[in-house]
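What follows is a structure written as structure tokens; I'll ask about it next.
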Amino acid sequence: MSEPQLQLSRRRLLALGGAFGLLTAGGLASAATLAHRPAGTGGLLRSAIELPPAFQVPLPRPQVLAPVSTTGGVDRYEITQREAVAEILPGVHTPVWTYGGSFPGPTIEARRGRPAVVTHRNELPVPTVVHLHGGRTPAEFDGYPTDFVLPASWPESGGHGGHGGHGGTMADPRAVQSRVVREYTFPNEQRATMLWYHDHRMDYTAPAIWRGLAGLHIIREDSEKALELPDGERELPLVITDRAFAADGSLEYPSLDPSLRDRPGVQEPYMAGVLGDVILVNGAPWPVHEVAAVRHRLRVLNGSNARHYELEAVDQDGRALELVQIGADQGLLSAPVTHRRLPLAPAERYDLLVDFGAVPVGGTVRLLNRMGSGRTREVMAFRVVRAQREDTPVPQTLATDLPEWRREEAVRTREFAFRAGRMGEGHGWLIGGRPFDPAREDVGVRLGDLEVWRLIADVHHPIHLHLVGFRILSRGGRAPLPHDAGLKDTVSLRPGEAAEIISRFDGYRGRYLFHCHNAEHEDMGMMANLEVR
Ligand code: C2O
Ligand code: CU
Ligand code: CU
């Protein structure tokens, strides 16, 4: 294997040195100091291949997976996880890891109240774990990081849950592993929303997602229909990711062990996260999509490992279109919230209405990333190709079923710090000063309890809880921001910031997780166990 061509901007190198320098100096700098550090969220990989011009490749729509059976009130699906070759850059062949051969994976279209049973078959060379992000899923199907689906070729691990992570010293006696095949049941009893499923293997989640192990899972319900939101061609799922490409067309990634077998982690300059220099939407580089001059529903996922976006839609005259937010990670808001720019952290989703009605036919609307630089400032474009009568007003009331949890009703307040720190021989990312250990219980909650959690960050950390949705109570000691509205499963903490969230821990008992969804942070320790009992 040839040495990957990795480059890193000097500014990022300094920022990283700064982050870890603070630690070796024996403590953390004040929030104020940290807040002045550059806003980068990782080290940038630069592609070693010629990149296509923007807005040439048509936007693909991830294919919807057909169930193999729909009897007994259950939809059954089969997905084979396997290597494939994708044409991501025009004319370039890129080996990827896939769910069912496509990059990104196929979309599961679910109905509320109808369980989806998905049989996954692992034909990849390493163990895998499937997690439905944002799903309210029984623990046995939630994709705990050591609940491996082992490939046929994988050696016996010798007892339960042995794995090579963190030097191979930890074992997880509670791991439930299977060989080649595993059936996951997703009840789909939650509010309608757009979820995503992705790999969650201990220590190797970031490179597995990077290689392609991610797909959408959309839950729909009848009450949504009455809102008459744009649908069909006018509803667009947009999975935004960044990647980098090696000279031979393969995906670049700075793994210490590119076989993803023996040694987790990334090269030191990428400890803060891996950023690519190519922006993909639904697996296509800076794509373009033809639309009618009417309102569209954009269902946006940031499926990137570490890149944050600040989205803005700008027409050919430089005017910003309103981004009317109607939903958050966990479904519809009570009422729409209008943004001009919208920050989007890894794993966050937004449900947006964008009206192309004021754009003349022949006009173009570019979706920009105001946090990017150079080519990563552009995401995709919409080309308005025909007039159409508008028949989808923006409903002023969207949902009436949002939980209105009150701080005074919470039975407990907890506090967690998300910070860089020492992990084993090197650096890692810690929660409450400790790196992830599957054998340790970090938090035990009683089923049904309402709790307030105060989350404190050193640098950007998008914090995700499994099992439950939560509401954001405060940010930096003040009221939440406009985009914090609704029910969330991931909250983006900014450098030096503390946020409070409130949630009721109901649904199922068992072992769950919370973690940073900067996937590199997650792999390098920033994850903790949440036991619901
Ligand atoms: Cu998106 Cu623990 O996951
Ligand atoms: Cu999750
Ligand atoms: Cu983090």
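Being away from ligand 2 (no atom under 16 Å from the Cβ), assigned by TED's automatic domain parsing to the domain that holds W196 and either in a loop (DSSP other than H, G, I, E, B) or at pLDDT 95 or above (or both) narrows it down to one of P145, P60, P104, so name that one.
On the way: P145 fails: away from ligand 2 (no atom under 16 Å from the Cβ); P60 fails: assigned by TED's automatic domain parsing to the domain that holds W196.
Step by step, each of P145, P60, P104 is checked, and only P104 is away from ligand 2 (no atom under 16 Å from the Cβ), assigned by TED's automatic domain parsing to the domain that holds W196 and either in a loop (DSSP other than H, G, I, E, B) or at pLDDT 95 or above (or both).
Could I ask something else about it? Give me the residue from region 168-192 that is at positive phi and either assigned to a loop (DSSP other than H, G, I, E, B) or at pLDDT 95 or above (or both) and, out of that set, farthest from ligand 1 (Cβ to nearest atom). Can you show your working first?
First, the residues of region 168-192 that are at positive phi: 168, 180, 188.
Subsequent filtering for residues that are either assigned to a loop (DSSP other than H, G, I, E, B) or at pLDDT 95 or above (or both) retains 180, 188.
Working: V180: 23, N188: 17 Å.
Among residues in region 168-192 that are at positive phi and either assigned to a loop (DSSP other than H, G, I, E, B) or at pLDDT 95 or above (or both), the one farthest from ligand 1 (Cβ to nearest atom) is V180.
May I ask you to list pairs of residues, at least six apart or on different chains, whose Cβ atoms are under 7 Å apart, with the first in region 137-155 being within 15 Å of ligand 1 (Cβ to nearest atom) and the second being among the β-branched types (V, I, T) and assigned to a loop (DSSP other than H, G, I, E, B)?
From residues that are within 15 Å of ligand 1 (Cβ to nearest atom), the pairs are G143/V129; P145/V129; D147/V129; D147/V176.
State all residues of region 490-528 that are more than 21 Å from I209 (Cα to Cα) and either small (G, A, S) or not assigned by TED's automatic domain parsing to the domain that holds G448 (or both); if no residue qualifies, say none.
Pass one, region 490-528, residues more than 21 Å from I209 (Cα to Cα): 493-511.
Result: G496, A498, A499, S503, G507, G510.
Given (1) within 16 Å of ligand 1 (Cβ to nearest atom); (2) touching a helix residue (DSSP H, G or I) at 6+ places or on another chain (Cβ under 6 Å), identify the lone condition not met by A345.
Status for A345: all satisfied but (2).
Also, I was wondering about something else. When the residues of region 464-488 are narrowed to those that are farther than 21 Å from Q325 by Cα and part of a strand (DSSP E or B), which ends up nearest to ligand 1 (Cβ to nearest atom)?
Looking only at region 464-488, we keep the residues that are farther than 21 Å from Q325 by Cα, and these are 465-468, 476-478.
When the remaining residues are screened for being part of a strand (DSSP E or B), the result is 465, 478.
Details: L465: 9, R478: 28 Å.
Restricting to residues being farther than 21 Å from Q325 by Cα and part of a strand (DSSP E or B), the top hit is L465.
Just to verify a result, which residue in region 119-138, among those that are part of a strand (DSSP E or B) and touching a helix residue (DSSP H, G or I) at 6+ places or on another chain (Cβ under 9 Å), is nearest to ligand 3 (Cβ to nearest atom)? Spell out how you get there, then give the answer.
Initial filter on region 119-138 (part of a strand (DSSP E or B)): 119-122, 128, 130-133.
Filter again for touching a helix residue (DSSP H, G or I) at 6+ places or on another chain (Cβ under 9 Å), leaving 128, 130-132.
Details: T128: 23, V130: 22, H131: 17, L132: 21 Å.
Going through the qualifying residues, I end up with H131.
Next question. Quick one: how many residues across region 312-369 are within 16 Å of ligand 3 (Cβ to nearest atom) and surrounded by 23 or more Cβ atoms within 10 Å (Cβ to Cβ)?
Kept after step one, since they are within 16 Å of ligand 3 (Cβ to nearest atom), are these residues of region 312-369: 343-348.
Add one more test, that the residue is surrounded by 23 or more Cβ atoms within 10 Å (Cβ to Cβ), and what stays is 344-348.
The qualifying residues number 5.
What do you reckon, is A457 free of Cβ contacts under 8 Å to residues at least 12 places away in the same chain and either within 16 Å of ligand 2 (Cβ to nearest atom) or farther than 16 Å from E348 by Cα (or both)?
Answer is no for this residue.
Counting only residues that are over 25 Å from P67 (Cα atoms) and not small (G, A, S), which one in region 148-167 is modelled with the highest pLDDT?
W154
On to the next question. Among the residues of region 452-461, is there at least one that is aromatic (F, W, Y) and within 16 Å of ligand 3 (Cβ to nearest atom)? Walk me through how you get there before you give the answer.
So the first thing to find is which residues in region 452-461 are aromatic (F, W, Y), and the list is 453.
Of the ones still in play, those that are also within 16 Å of ligand 3 (Cβ to nearest atom) are 453.
Yes, region 452-461 contains at least one residue that is aromatic (F, W, Y) and within 16 Å of ligand 3 (Cβ to nearest atom).
Within region 115-136, track down each residue that is out of contact with any His (no Cβ under 8 Å at 6 or more places or on another chain) and among the β-branched types (V, I, T).
Within region 115-136, V117, V118, T119, V126 meet the criteria.
Let me ask something else about it. Search region 305-346 for residues being small (G, A, S) and assigned to a loop (DSSP other than H, G, I, E, B), and hand back the single one that is farthest from P360 (Cα to Cα). It would help to see each step written out before you state the result.
Step one: filter region 305-346 for residues small (G, A, S), giving 306, 313, 318, 320, 327-328, 331, 334-335, 345.
With the extra rule that they be assigned to a loop (DSSP other than H, G, I, E, B), the set shrinks to 306, 318, 345.
On the way: A306: 36, G318: 14, A345: 32 Å.
Here the residue is A306.
Something else now. State the number of residues belonging to region 396-427 that are of a type in the set (A, V, I, L, M, F, W, C) and farther than 25 Å from P495 by Cβ. Lay out the reasoning, then the answer.
First, the residues of region 396-427 that are of a type in the set (A, V, I, L, M, F, W, C): 398-399, 402, 405, 410-411, 416-418, 420, 423.
Remaining after also requiring farther than 25 Å from P495 by Cβ: 398-399, 402, 405, 410-411.
Total satisfying the criteria: 6.
Quick check on P145: is it surrounded by fewer than 16 Cβ atoms within 10 Å (Cβ to Cβ) and not aliphatic (A, V, I, L, M)?
On the way: surrounded by fewer than 16 Cβ atoms within 10 Å (Cβ to Cβ): no; not aliphatic (A, V, I, L, M): yes.
No: the conditions fail for P145.
Kindly indicate whether any position in region 424-437 is more than 23 Å from the chain's Cα centre (by Cα), of a type in the set (G, A, S) and within 16 Å of ligand 3 (Cβ to nearest atom).
Yes - at least one qualifying residue is present in region 424-437.
Follow-up. Which one is nearest to V445 (Cα to Cα), of the residues in region 494-524 that are among the aromatic types (F, W, Y) and away from ligand 1 (no atom under 14 Å from the Cβ)?
First, pick out the residues of region 494-524 that are among the aromatic types (F, W, Y): 505, 508, 512, 514.
Remaining after also requiring away from ligand 1 (no atom under 14 Å from the Cβ): 505, 508.
Details: F505: 7, Y508: 11 Å.
Top of the filtered list is F505.
Evaluate region 114-123: report whether one residue or more is of a type outside the set (D, E, K, R) and over 23 Å from T71 (Cβ atoms). Give the derivation first.
Of all residues in region 114-123, those of a type outside the set (D, E, K, R) come to 115-120, 122.
This time we only want the ones that are over 23 Å from T71 (Cβ atoms), so: 122.
Yes, the conditions are met somewhere in region 114-123.
Related question: Just checking, which of V491, V452 is touching a helix residue (DSSP H, G or I) at 6+ places or on another chain (Cβ under 8 Å), within 16 Å of ligand 1 (Cβ to nearest atom) and assigned to a strand (DSSP E or B)? Can you show your working first?
On the way: V452 fails: within 16 Å of ligand 1 (Cβ to nearest atom).
Going through V491, V452 in turn, the sole match is V491.
When you check R422 against the structure, is it of a type in the set (K, R), free of Cβ contacts under 8 Å to residues at least 40 places away in the same chain and either surrounded by fewer than 20 Cβ atoms within 10 Å (Cβ to Cβ) or assigned by TED's automatic domain parsing to the domain that holds G134 (or both), yes or no? Full working, then the answer.
Details: of a type in the set (K, R): yes; free of Cβ contacts under 8 Å to residues at least 40 places away in the same chain: no; either surrounded by fewer than 20 Cβ atoms within 10 Å (Cβ to Cβ) or assigned by TED's automatic domain parsing to the domain that holds G134 (or both): yes.
Here the answer is no, as R422 does not meet what is asked.
Still on this structure, I have one more. Does E451 qualify as being at pLDDT 95 or above and either within 16 Å of ligand 2 (Cβ to nearest atom) or not small (G, A, S) (or both)?
The answer is yes for E451.
The values are calculated or read from the model by the stated rules, or taken from the named source; none is laboratory data. Computed from a predicted structure; not experimentally measured. When we count neighbours, we look across all protein chains shown, and the Cβ atoms used for this are built from the backbone with ideal geometry, even at glycine.
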